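The values are calculated or read from the model by the stated rules, or taken from the named source; none is laboratory data. Just so it is clear, the model here is predicted, and its values are computed rather than measured. Neighbour counts are summed over all protein chains in view; Cβ atoms, including those assigned to glycine, are modelled from backbone coordinates with ideal geometry.
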């Protein structure tokens, strides 16, 4: 592990704290809020019991109990994690895995920092804010090479680029970093900003309005209701944090490198399986979020393909990250005043535990 935690100065600027809270809202992937079976339903892998190639029954292998918390209710955007559970990849790696769903008001960074879960899922900028606030988290893989977060508008509106958002109503989470970047870069001084509350009623009532969304989710949901929309991907603005990153704490990584490696390798194996077998896995995901329709899971799985498996992942594999992108993200946040001081990005992420070809 490289140069971890050399800069532990604890700073807690108000805006960064608000951004961390805003990120919880932003993590909503636009999926259904889930029914009784979807909200925070734990998922457990069962250990195997026999020795392959023999008739002898051996004592069950001692599996290490670990928990990961996702950033929303079970959905296609978590497909690789559930594939690893379904196909036994975690168990084969020696892990008794529990997957706990996130949801409104749930902070994966805080839960992992507290030790209530060993691994979490979130957005890249959340980790920089957490480290600035004295929470030393480390990113182990960036699942989405290109983030599916988007600004959605009604089809037929004269919106070709981000500059065309000026003068419109925009529904977006309070303090989210990508909006601060877009608003500043494109001089959106006349935007009417309203707090996004997870509902789309106000957006639907005003054909000129714009709303935060995920390109893998809301366009499908609205199309089912006969409403056509288009969107601008936030990443196309120049603000490109890795999405659905997998992370842990510095302390857990330093004390349990073998468990971390087992977790990361099994998770990536799950994502590699999900690529071509998402229909099988989607049926499993629905067991833990029954209100999520299969056809929406299928749509999301198809839409996320280039975002997860394209770009640097084509050459280096799912989860690969570059120092250049982390450095650019940090510089952008510094320029916006959302970070108070520079962070050594080599302490923020590592590719060391990703599967090596």
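Overview of values
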quantity: Residue within segment 338-356 that is exposed (fewer than 15 other Cβ atoms within 10 Å of the Cβ) and either in a helix (DSSP H, G or I) or on the phi > 0 side of the Ramachandran plot (or both) present; calculated: no
quantity: Selection from segment 224-238 of residues that are touching a strand residue (DSSP E or B) at 6+ places or on another chain (Cβ under 8 Å) and loosely packed, with under 13 Cβ neighbours inside 10 Å; calculated: 228
quantity: Selection from segment 205-221 of residues that are in a helix (DSSP H, G or I) and in contact with a helix residue (DSSP H, G or I) (Cβ under 8 Å, 6 or more places away or on another chain); calculated: 220, 221
quantity: Tally of residues being in contact with a helix residue (DSSP H, G or I) (Cβ under 7 Å, 6 or more places away or on another chain) and more than 18 Å from residue 89 (Cβ to Cβ) across segment 253-278; calculated: 1
quantity: All positions within segment 164-187 that are over 27 Å from the mean Cα position of the chain (by Cα) and in contact (Cβ under 8 Å) with a residue 24 or more places away in the chain; calculated: 166, 167, 168, 187
quantity: The one condition in (1) under 27 Å from residue 318 (Cβ atoms); (2) assigned by TED's automatic domain parsing to the domain that holds residue 320; (3) surrounded by 18 or more Cβ atoms within 10 Å (Cβ to Cβ) that residue 177 fails to fulfil; calculated: (2)
quantity: Residue 253 vs. criteria in a helix (DSSP H, G or I) and either more than 18 Å from the chain's Cα centre (by Cα) or surrounded by fewer than 19 Cβ atoms within 10 Å (Cβ to Cβ) (or both); calculated: yes
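Condition check ((1) crowded, with 24+ Cβ neighbours inside 10 Å; (2) farther than 22 Å from residue 306 by Cα) across all residues:
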| site | (1), (2) |
| --- | --- |
| 124 | yes, no |
| 128 | yes, yes |
| 141 | yes, no |
| 169 | no, yes |
| 192 | no, yes |
| 205 | no, yes |
| 211 | yes, yes |
